[in-house]
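The values are calculated or read from the model by the stated rules, or taken from the named source; none is laboratory data. Everything quoted here is computed from the prediction, not taken from an experiment. All Cβ positions, glycine included, derive from the backbone under ideal geometry; neighbour counts span all protein chains shown. Side chains are part of the model used for accessible areas, which takes the heavy atoms of the whole protein and leaves out ligands, DNA and RNA. Shrake-Rupley method; radii C 1.70, N 1.55, O 1.52, S 1.80 Å.
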Amino acid sequence: MPHAEPGLPRLPFSDIQALLDALPIGVSIFGPDDRLLLINRAYGEVLAGAYTAIGELRADIVRRRLAEGEYGAGEQAAKYARATSDRLSAPQIRRRRRMNGRTIEIRNAPLAGGGLASTIADVTTLVETEAELSRRLADIEEMLAHIQHGIMLFDKENRLLAHNELVERLFDLPPGLLHRGRTVMEAVGALRALGEYGSEAEADEFLRRWHGRDRTAPSLHQRVTRTGRVLEVRSSPTRSGGHINTYTDITDLRTTEAELRRAKEQAEAGSAAKSRFLATIGHELLTPLNAVIGFSELLAGEARTPRWQAPAWPPRNEAAGGVNPARVAEFAGAILDAGKRLSALITAVLDVARIEVGSLDLAAEAIDPHRLVEVAVHQAAPAAEAAGIDLATTLPPSLPPLRGDARRLGQTLGHLLSNAVKFTPAGGHVMVEAETCEKDRLVLRVRDTGIGIAETDLEKVFLPFHQVEGGFARRFEGAGLGLFVSRAVAEAHGGSLTLESTPGKGTTAILALPVSSLPRTPHGVAICGGGGPQ
């Protein structure tokens, strides 16, 4: 036993025993000769059933308990007994389970003058609590491992306490980058080094917003990782002063939303197309029908007019009952024009229907490009002359033949010329050019010096029933079907139809067709060459 400090009274043995008996944990003391000097009441209670006598050697006590099965059985029990018998040079802590199922914790410490002091406590409840806590932690870890959200828990000093593996997968992090005790700033710095926040300027801006965020209040934002994932990030404060971040992968949701938006836009475009169709077709049908009805009524009135009321000029044909031949011819011509316009419109509408169901039938015949252009220019010449527009062609003397539907291709070229004349002011020019590209593709260009088309509208004009100026206030007549049908015909021949235009300077329509090619399913084909200066 250690000596008392000088000047302090020495406690009698009975007082020491009383003091030890008052302790709630068992105490045993062995002298320098390794014999048991004393034990307290709690020692006997904790080791109930295990005999111990004052004066016994520690080695004898160990052998007896080993024989009684106090340490269990087998080599492990023998190993424990040897370790317990050895002299100590440093404090030691051991736990073991007794035969009665209780768990005890033994703490041994060598004394300064030799000998050994030992405490023993029943820690069964503590062990059971620890086991239950371990089971609950294991359940929580399993839950975190399977939950479909990345989770990070930080303490009030912004140090990482826990996270699940999904966080590492969502950010595609290398192993070990996130670990318990790492500060938020350390993690952010490591992520920045990986390029998670984009360029230096973008990273600086992100960190500026991040530093300015109040973590004592919940927050919600979205961000895109360097791998392209879209994450919804929620931050919530904890009662201990820290905060929890949860990360939800909404990449698929954003993709679905984009698809729904596109579907909605397409549905709205379809609805708008139907509205344009009704407005355009109504206007286009009424105009020639009014001509047919009006001139028919005039013809009927002309036939009923008495001879004495007829005007002196133009002279009447008495043999025809007083009907004016010149007036009849004029009215009949107007009716014929209106009928042709109605027929063309109905044909175009039927073509649109055939194209949309994939049943546009094409002939396969040899086509002379010179003849194709000549006929189309001849048909457009009267309108160009009436509008005061110069119409000309520039064709090489030798062009390879085409193979396809001459009527359809003629209609296509005719529509391009009609558009060029329609949208070119008086005094302007329309030119038809041709060239062969790479010996297997013929390119026809229809250039004009007209009003042009804005770049944003270059593809819109190929939509059915679409015109840049819509409604009944349109300055230019037409159902808005020609370019749609013309592109479909070009693609059905394995070619393409595109536009190049500058507002106020004119437009070039580029019709590219494969040489001597049979018609095939419509598809886009890139043309060779390009348009010249406007």
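Side notes on the structure shown:
- Other residues lying with their Cβ under 14 Å from the Cβ of Leu111 contribute a combined charge of +2, Lys and Arg counting +1, Asp and Glu -1.
- Theoretical gain in end-to-end length, Ala381 to Asp252 [0.36 nm per residue, Cα-Cα removed]: 40.7 nm
- Ordering of 74-87, 21-34, 135-148, 406-419 by packing [mean C-beta count within 10 Å, highest first]: 406-419, 21-34, 74-87, 135-148
- Shape of segment 160-260, Cα gyration tensor, a/c cut at 1.5: rounded
- The residues neighbouring Leu160, those whose beta-carbon lies less than 11 Å from its own, together hold a net charge of 0 under the Lys/Arg +1, Asp/Glu -1 convention.
- Prolate/oblate/rounded call for segment 23-108, Cα gyration tensor, a/c under 1.5 rounded: rounded
- Within a straight-line Cα-Cα reach of under 16 Å, Lys156 can be paired with the following aspartates and glutamates, leaving aside sequence neighbours fewer than 8 residues apart in one chain: Glu186, Asp214.
- Taken per residue, the accessible surface of segment 1-136 reaches 61 Å², heavy atoms only and a 1.4 Å probe.
- Shape call, segment 2-145: gyration tensor on alpha carbons, a/c limit 1.5: prolate
- Here segment 71-114 and segment 363-390 have alpha carbon centers that stand 111 Å from each other.
- Pairs exceeding a 24 Å alpha-carbon distance, out of Lys264/Lys422; Lys422/Lys460; Lys460/Lys505: Lys264/Lys422.
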